[in-house]
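This report concerns only the one structure given below.
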Amino acid sequence: MHHLRTTVTRLRPLTASQTAQSLSQDRLVAVKGGSRTFKPTRRLNTSVAAEPFLNGTSSNYVEEMYYAWLENPKNVHKSWDIFFCNANAGAPPGSAYQSPPPINGTSQGLASVQALVRAQPNVEKLVGDHLAVQTLIRAYQVRGHHIAKLDPLDISCVDFDDAPCTVGFQNVGFYGLAECDLDKVFRLPTTTFIGGNESALPLREIIRRLEMAYCQHIGVEFMFINDLEQCQWIRQKFETPGIMQFTLEERRTLLARMIRSTRFEEFLQRKWSSEKRFGLEGCESLIPALKTIIDKSSQSGVESVIMGMSHRGRLNVLANVIRKELEQIFCQFDSKLEAADEGSGDVKYHLGMYHRRMNRVSDKYITLSLMANPSHLEAVDPVVQGKTKAEQFYCGDTEGKRVMSILIHGDAAFAGQGIVYETFHLSDLPSYTTHGTIHVVVNNQIGFTTDPRMARSSPYPTDVARVVNAPIFHVNADDPEAVMYVCNIAAEWRNTFHKDVVVDLVCYRRNGHNEMDEPMFTQPLMYKQIKKQKGVLQKFAEKLITEGVMTAQEYEEEITRYDKICEEAYNRSKDEKILHIKHWLDSPWPGFFTLEGQPKSMSCPSTGINKDDLSHIGNIAASVPVEDFTIHGGLSRILKGRANMVSQRVCDWALGEYMAFGSLLKEGIHIRLSGQDVERGTFSHRHHVLHDQNVDKRVCIPMNYISPDQAPYTVCNSSLSEYGVLGFELGFAMASPNALVLWEAQFGDFHNTAQCIIDQFISSGQAKWVRQNGIVLLLPHGMEGMGPEHSSARPERFLQMCNDDPDVFPKLSEDFAMRQLYDCNWIVVNCSTPANYFHVLRRQILQPFRKPLIVFTPKSLLRHPEAKSSFEEMLPGTHFRRVIPDDSPAAVSPEKVKRVIFCTGKIYYELTRERKNRGMDDTIAIVRIEQLSPFPFDLLKAETDRYINADLVWCQEEHKNQGYYDYVKPRIRTTINRTRPVWYAGREPAAAPATGNKQTHLMELQRLLDTAFNLEAFSGKF
């Protein structure tokens, strides 16, 4: 867009074969199961053969036969079918007719029939003309948007092709029609509604109506949709003559909304001209667009709308759509405002909001939620979808009729951010669908300083939506009535078909990327044009005044009225001295906290359960609670093994997880486990979904048979996405604190493609937005010789983002452990026993607040013979053990212990085996730190005080620059007041997380074990 140009886009012509194919598509859909059936306008004797009528028959009758054939070839005699098929395929005049196979053993000679046909070439000309008109109509339906007047600046760089123009009155010759045919009347096909109540129109009028339907300020992309009913629905909405009509009251309301949208930005500009606000100038019609969608949806029964958007226009949406108090917005611009709440807070154009209000159009209450979002633009998309799904789930809205989502995108981000594609592909998956999302693209035709020619390879930024067959409505944002109409249609589409739809608001950005930016540096010609551009409010007001919808005085009074509202709110905002972030919550949890937003207590009950429940849940885990259900032979052995463990009152990792889930379900806590292959488990250990070996799609989920009044258990394999699915589950967890929502990575390493969600929402979400979240991340981790992409969940990254101070020993108190959890930003654990895993999952729900939980789950320990727990460790009175002390002979005489090895996770079992092999059980103690963050200073102090004469060693299987060492070393030193060194035993620093060579892996393991148990390994001054 460095230069101004008006691109004359063209409709590409169809070849003869393409014509035949395209004209057959709609007919074939009807034949093969389309839901709409078309019938001839009058009853025909369709059993009559073509031959007698080709000589001298009336053109009207042939036309009727032709339309009957278009509806269904079986409607006509076989000879007519052959004739029309040949004519449709471009057979030369006189050769389209062929004699059908003889029925009674006799047939006339083909030559005599062809002679009759050659004598009547006007029949084939008639058919050819009608085919040409249909081709023309279809061309407008397919490509009319190419020449629609979509760009307010008239400088669009959307370039489709350089083909010559093939539409319009002057180009009818391209289709085999002559100028004299313009006034000829043609019968309209059933795949168009331009005729209204008329079945035939002159060609001139056909073209005029097509231009009005598809080539004005609205461009429609929909012909790629395979469903005939959906295509016909869209055609009817745009082709029916005079359908885009509004009442006087609707137009006045639209102008009032445009005034609010425009004057809000102008007010902010006057008061805070040097502040960033990412205003909406150039796309002021977004506000009436969103309000129209909400109004229409509310009339259709929607009670809750969850929205996500980036920063441009957010303050305007908060003010004029969500209806946030203006003084609360204005006070955000006060640099002297003090923060009263915990956390860092965030800039004003990232904050969210939750509000329930009356919708004046539908006279129904509606809840609106705008999700807080960082500058990572589209990152909020799956979060919104997850929260929407959760609200639908909790209110029993299985069809999406009560809860819906709206996503507002930028054009550059919509085309450039892969998360948009990942989110679209969740739209129709059973466990992820929200039954249709309305996407609104604020198409600035620029991304910061990058024009579309450098930003995408597709003509439109919205082309990614075609992967799910979502209709795309492009609209000139400088035509508010066209915007309003399109948004009404989008809301109706979503309510009718419960599928995604895209509204592309083609607009411009009047200022730079923000109000302090200079866009002329990079887009001089574009911004010269923008400076000349009359504002959309001014243009629309002049139009309505000219048409007598309102007077100039009424218009000025409406402006004055809203300006007064803003000024009064501004004066009230001066009284605000304290910023309360909790007033900006997008997902409140009524009743969970006190009125002041604090936990109702600072204690957590025992996370153990009674032995009868353990046995009952274990027996369910070992059974198939459905009759006549055939399971795999290998699974039979697994279930038998579970039954044996239950009888022995022990459990492995999978059974410990089963106990935690089953007990919470029994207590009424909904559980949702999602991720790649979670139903079976990546390592074939879980098997929460059983598949009948003889009946396709017949499954059994034993976890849902624990108790008659239990909460439902949702376990669902996800698409092969981490970013999108983790964002979705995070959003699901936002909706309610009374649910355990878990996302499991296929391997812990793979969380790195979801890093944006982890960084922006999970680790810092509470600090920025005072929004607690109890999501659990299960990350398989452990050096097993499986290579650098299947070994490390990168614990160092999670630990680096923990907010506890390594250099300060905290003040100990009675509720120290719980207070630590409340103050931390997330909890990081690496459990070494099934019982501890059981407890930490239950603690996640039983504690009086919610924090994200990161669990480094095992791989080899899933079946390790020593990694089992007794039922005794899970009975009432037991808790999660943050630190597990040594229970070997060394613990009997701690003063004789020469070395204490601190570790976490799987390496413990390798250390104990090595200690036993070396006969050092009484000289070396091994202490497991199960909860790494918040760091258990109190319990570590007890252990270091106990082994006062011992060396302190941190041992890990990860490389020195990775894993836990850099996190735990300064905290252990703080615990011991830096009186002793903390040595390291583990792999040397490396760039990759692990070696890909099995032999090298074993050598490295043996080397670190040798170091850990060599009492002479560490020497020198501390």
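The values are calculated or read from the model by the stated rules, or taken from the named source; none is laboratory data. Source: prediction; values computed, not measured. So basically every Cβ, Gly included, is an ideal-geometry build from the backbone, and we count neighbours across all protein chains shown.
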Quiz prompt | Selection count, the stretch 353-376, where residues are modelled with pLDDT of 90 or more and either among the hydroxyl-bearing types (Ser, Thr, Tyr) or in contact with a Gly (Cβ under 9 Å, 6 or more places away or on another chain) (or both) | solution = 7
Quiz prompt | Subset of the stretch 686-716 (residues that are within 28 Å of the chain's Cα centre (by Cα), farther than 19 Å from Arg637 by Cα and surrounded by fewer than 16 Cβ atoms within 10 Å (Cβ to Cβ)) | solution = Lys697, Pro712
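Being in contact with a Gly (Cβ under 9 Å, 6 or more places away or on another chain), closer than 21 Å to Ile706 by Cβ and part of a loop (DSSP other than H, G, I, E, B) is true for just one of Gly608, Gly662. Which residue is that?
Working: Gly662 fails: part of a loop (DSSP other than H, G, I, E, B).
It is Gly608.
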Quiz item: Among the residues of the stretch 997-1022, which ones are assigned to a helix (DSSP H, G or I) and hydroxyl-bearing (Ser, Thr, Tyr)?
Solution: Thr1000, Thr1011
Self-check item: Of the criteria (1) in a helix (DSSP H, G or I); (2) in contact with a helix residue (DSSP H, G or I) (Cβ under 8 Å, 6 or more places away or on another chain), which one Ala994 fails
Solution: (1)
Quiz item: Quick one: is Asn949 in the same structural domain as Val897 (by TED's automatic domain parsing), more than 18 Å from Tyr908 (Cβ to Cβ) and under 40 Å from the mean Cα position of the chain (by Cα)?
Solution: no
Quiz item: Tyr485 versus (1) farther than 27 Å from Thr433 by Cα; (2) aromatic (Phe, Trp, Tyr); (3) modelled with pLDDT of 95 or more: which is the lone unmet condition?
Solution: (1)
Quiz item: Out of (1) surrounded by fewer than 21 Cβ atoms within 10 Å (Cβ to Cβ); (2) modelled with pLDDT of 95 or more; (3) among the acidic types (Asp, Glu), the odd one out for Glu744 is which?
Solution: (1)
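Answer with yes or no whether Arg466 is more than 20 Å from Tyr214 (Cβ to Cβ) and not hydroxyl-bearing (Ser, Thr, Tyr).
Numbers: more than 20 Å from Tyr214 (Cβ to Cβ): no; not hydroxyl-bearing (Ser, Thr, Tyr): yes.
Considered against the rule, which asks whether it is more than 20 Å from Tyr214 (Cβ to Cβ) and not hydroxyl-bearing (Ser, Thr, Tyr), Arg466 comes out as no.
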Quiz item: Is it the case that some residue within the stretch 681-703 is over 26 Å from Ile669 (Cβ atoms) and assigned to a strand (DSSP E or B)?
Solution: yes
Quiz item: Checking Asp411 against (1) surrounded by fewer than 24 Cβ atoms within 10 Å (Cβ to Cβ); (2) over 16 Å from the mean Cα position of the chain (by Cα), which test does it fail?
Solution: (1)
Quiz item: Within the group Gln269, Gln328, which residue is in contact (Cβ under 8 Å) with a residue 12 or more places away in the chain, surrounded by fewer than 17 Cβ atoms within 10 Å (Cβ to Cβ) and either under 19 Å from Ile408 (Cβ atoms) or over 25 Å from the mean Cα position of the chain (by Cα) (or both)?
Solution: Gln269
Exercise. Please tell me if Phe683 is at pLDDT below 95 and either more than 32 Å from the chain's Cα centre (by Cα) or aromatic (Phe, Trp, Tyr) (or both).
Key: yes
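I need a count of the residues in the stretch 704-747 that are in a loop (DSSP other than H, G, I, E, B), among the hydrophobic types (A, V, I, L, M, F, W, C) and within 30 Å of Ser791 (Cβ to Cβ). I'd like the intermediate steps shown before the answer.
First, the residues of the stretch 704-747 that are in a loop (DSSP other than H, G, I, E, B): 706-712, 718-722, 735-738, 745-747.
Still in the list and also among the hydrophobic types (A, V, I, L, M, F, W, C): 706, 711, 720, 735, 745, 747.
With within 30 Å of Ser791 (Cβ to Cβ) added as a condition, the list becomes 720, 745, 747.
Here the count works out to 3.
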Quiz item: For the stretch 663-680, which residues satisfy the criterion of being surrounded by fewer than 18 Cβ atoms within 10 Å (Cβ to Cβ) and at positive phi?
Solution: Gly668, Asp677
Quiz item: Can you name the number of the only condition in (1) outside the structural domain of Phe683 (by TED's automatic domain parsing); (2) on the phi < 0 side of the Ramachandran plot that Ser860 fails?
Solution: (1)
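Pick out the one residue from Val347, Val384 that is assigned by TED's automatic domain parsing to the domain that holds His474, at pLDDT 95 or above and of a type in the set (A, V, I, L, M). Show your work before the answer.
Working: Val347 fails: at pLDDT 95 or above.
Criteria check complete, one pass: Val384.
Looking at the stretch 762-820 only, could you name the residues that are among the basic types (Lys, Arg) and either in contact with a Pro (Cβ under 7 Å, 6 or more places away or on another chain) or in a loop (DSSP other than H, G, I, E, B) (or both)?
Within the stretch 762-820, the first condition is being among the basic types (Lys, Arg), and the residues that meet it are 768, 771, 794, 797, 811, 819.
Within the stretch 762-820, Arg771, Arg794, Lys811 meet the criteria.
Of everything in the stretch 517-545 that's under 16 Å from Leu254 (Cα atoms) and without any contact (Cβ under 8 Å) to a residue 40 or more places away in the chain, which residue is nearest to the chain's Cα centre (by Cα)?
Step one: filter the stretch 517-545 for residues under 16 Å from Leu254 (Cα atoms), giving 535-545.
The next check asks that each one be without any contact (Cβ under 8 Å) to a residue 40 or more places away in the chain; those that pass are 538, 542-543, 545.
Values: Gln538: 37, Glu542: 41, Lys543: 40, Ile545: 43 Å.
It comes out as Gln538.
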